[in-house]
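The block underneath contains the structure these notes are about, expressed in structure tokens.
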């Protein structure tokens, strides 16, 4: 399917404020970015770099006053996400070097604390994809998805204790459970067509059967319409913006994902 995504952020800046943004999706295995627009108002010098996870990032200094960021992209995404029940567990000694970092505990995913729990959740499952699917199903049935109801960054341990959270929180717990079974897992942030209420979204991927697969316990079932912006160990790596200095928060944030006709792209 073809999707048009947009994210508009506005800030009221009091002092010159350095930003690092991560708002440009890139083409990958299950998405093709056909066109982009990226506007800063007022215009300021911006410099782009690729971070250690391959994400496209932009750094700039916003000057005092009103400052806004407008992004648009037209993306071709999979109508249906790949699923692979029975895809095998990959032994650690056979994992690519690039995924080893996703086995380790991280700031919001204390995977060294979930070994016994993960074994209980996945008891009787084939090693690999089926274990991750069991974790996803357990999250869906035991942690309440409460969009827009998070006022702090909490860790997987805290989410497991309170049993509710936003998409980011559910992804953190899923990642921690996977890593505790020596299954690499990473967080993804981006867009989801049909998400209610509409906002930026987070989900997780697990590495089984020699590739990454998508899992999202916030949705009743897996479907197409995902557009990834960034990948990382947890939310600390995939913030769409980081600012440095006195705290600055968006005065406005508007996210949109629309289905578009393929002929309009070709024309």
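Remark: residue 257 matches the filter, which requires a residue to be more than 22 Å from residue 51 (Cβ to Cβ), assigned by TED's automatic domain parsing to the domain that holds residue 48, modelled with pLDDT of 95 or more and more than 10 Å from the chain's Cα centre (by Cα).
For the range 200-217, the set of residues classified as outside any strand (DSSP E or B) and either buried (at least 18 other Cβ atoms within 10 Å of the Cβ) or modelled with pLDDT under 95 (or both) consists of 200, 216, 217, listed by residue number. Screening the range 185-199 for residues that are part of a loop (DSSP other than H, G, I, E, B) and touching a strand residue (DSSP E or B) at 6+ places or on another chain (Cβ under 9 Å) and picking the one that is surrounded by the fewest Cβ atoms within 10 Å (Cβ to Cβ) gives 194.
Of the residues making up the range 233-255, those that are surrounded by 13 or more Cβ atoms within 10 Å (Cβ to Cβ) and not in a loop (DSSP other than H, G, I, E, B) are 235, 236, 237, 241, 242, 243, 253, 254, 255.
Given the structure, is residue 9 assigned to a strand (DSSP E or B), more than 20 Å from residue 189 (Cβ to Cβ) and at pLDDT 95 or above? Judged against the criteria, residue 9 is not a match.
Looking only at residues in the range 12-40 that are part of a loop (DSSP other than H, G, I, E, B) and touching a residue at least 24 places away in the same chain (Cβ under 8 Å), the one that is surrounded by the most Cβ atoms within 10 Å (Cβ to Cβ) is 25.
The values are calculated or read from the model by the stated rules, or taken from the named source; none is laboratory data. Note that the structure is a prediction, hence the values are computed from the model and not measured. Ideal geometry is used to build each Cβ from the backbone, glycine not excepted, and the neighbour counts take in all protein chains shown.
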